[in-house]
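The values are calculated or read from the model by the stated rules, or taken from the named source; none is laboratory data. Remember, predicted model here, so these are calculated numbers, not experimental data. Here the Cβ positions follow ideal geometry from the backbone for every residue, glycine too, while neighbour counts run over all protein chains shown.
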Amino acid sequence: MTAVTVLSASSVLAAGTHETFTATATRSDGSTQAVTSGQWSSDASAVATVDGAGSVTAVSPGDATISVDFSGVRGSKRIAVRANYQGRWSGNYIVNSCADTQGFAAAGACSHLFPPNSGIQYTLEFVLSQSGDRVTGQALFGTLPSPLAPASVAADGSLQTTSTTTATATATTRHTWNLRIPRPGQMEGTMVLVGTDSTVSGSVTVNTTLVNVVQVGTATAKK
C-alpha cells in the first residue's frame, strides 16, 4: 500500500452527534480498495472518539485527528467539533438599556415598552437546527416568530447571527444575537433590538441579556 485516505461527509461535527468515517487504500499500481479491517484511533478522545468500525462520536468542542492504520500505512483526517445549538430552548431576557429617538421618544417608547433595569423578564424561545457548524431556525417572542439568518458556530463556541420580526404591516424589529453555550443544555448571551416603524420617525434601540435559557427539547440530531 502506498496511501490510505480517510473519508467523511464533513470535517465539522456538532458535539453529541455521530458519523461513520470510511477509508480507501491505494496500491502501488494505482488500484484502490476499501479499508474494512484497519485500526481506528483518535488523538483527542476528549474531543472525538472512534470505534473499530470507524464510527466517530463528537464529544466536546475542539479539534481532533481521526486515523486508521492498514497494512503498515496510516491515513488521517483532521476534524473540528463545535458547540451544538440544536433543539428547542426556552427562557427570558432582561433590558439593560433603552434609547429612543424622534417620534419614538415623543411616544415614550422606552418607558412604556422596555423600561430598563425594571427587573421585568420577557419570554423568549429558540427552535434551532444544526448541521456541522451551521445553525438555522428562529427565535420566538411569545407566538411572534423571528427567523434567524443562517450562521456558523465559531471555534470558541459562540454564535453571532441576526433576525427580523415583522410585528405589523409597518413595524419591523431587527435583532443582533451573540450567543454561547457555557455547558450542555444552557444558553447565555446578549441581544440588541432595533425597532422602526414606517409611520413613525426615529427608532428605539434596546440592549438586553438572556437569562435562564435552557434546552427543553431536542430534534433529530444532525452531524
Can you pull out the residues in region 146-173 that are within 19 Å of the chain's Cα centre (by Cα) and surrounded by fewer than 17 Cβ atoms within 10 Å (Cβ to Cβ)? PRO147, ALA149, PRO150, SER152, ALA154, ALA155, ASP156, SER158, GLN160, THR162, THR164
Take region 46-72 and flag every residue that is among the β-branched types (Val, Ile, Thr), touching a residue at least 12 places away in the same chain (Cβ under 8 Å) and not in a loop (DSSP other than H, G, I, E, B). VAL50, VAL56, THR57, THR65, ILE66, VAL68
Does GLY75 qualify as being in contact with a Phe, Trp or Tyr (Cβ under 6 Å, 6 or more places away or on another chain), surrounded by 13 or more Cβ atoms within 10 Å (Cβ to Cβ) and more than 20 Å from ARG183 (Cβ to Cβ)? no
If I filter region 45-53 for residues that are over 18 Å from the mean Cα position of the chain (by Cα), farther than 22 Å from SER158 by Cα and buried (at least 19 other Cβ atoms within 10 Å of the Cβ), do I get at least one hit? yes
Residues being β-branched (Val, Ile, Thr), more than 17 Å from ALA80 (Cα to Cα) and part of a loop (DSSP other than H, G, I, E, B): count how many of those fall in region 5-43. 2
Is there a residue being among the aliphatic types (A, V, I, L, M), outside the structural domain of PRO61 (by TED's automatic domain parsing) and not in a strand (DSSP E or B) anywhere in region 159-171? yes
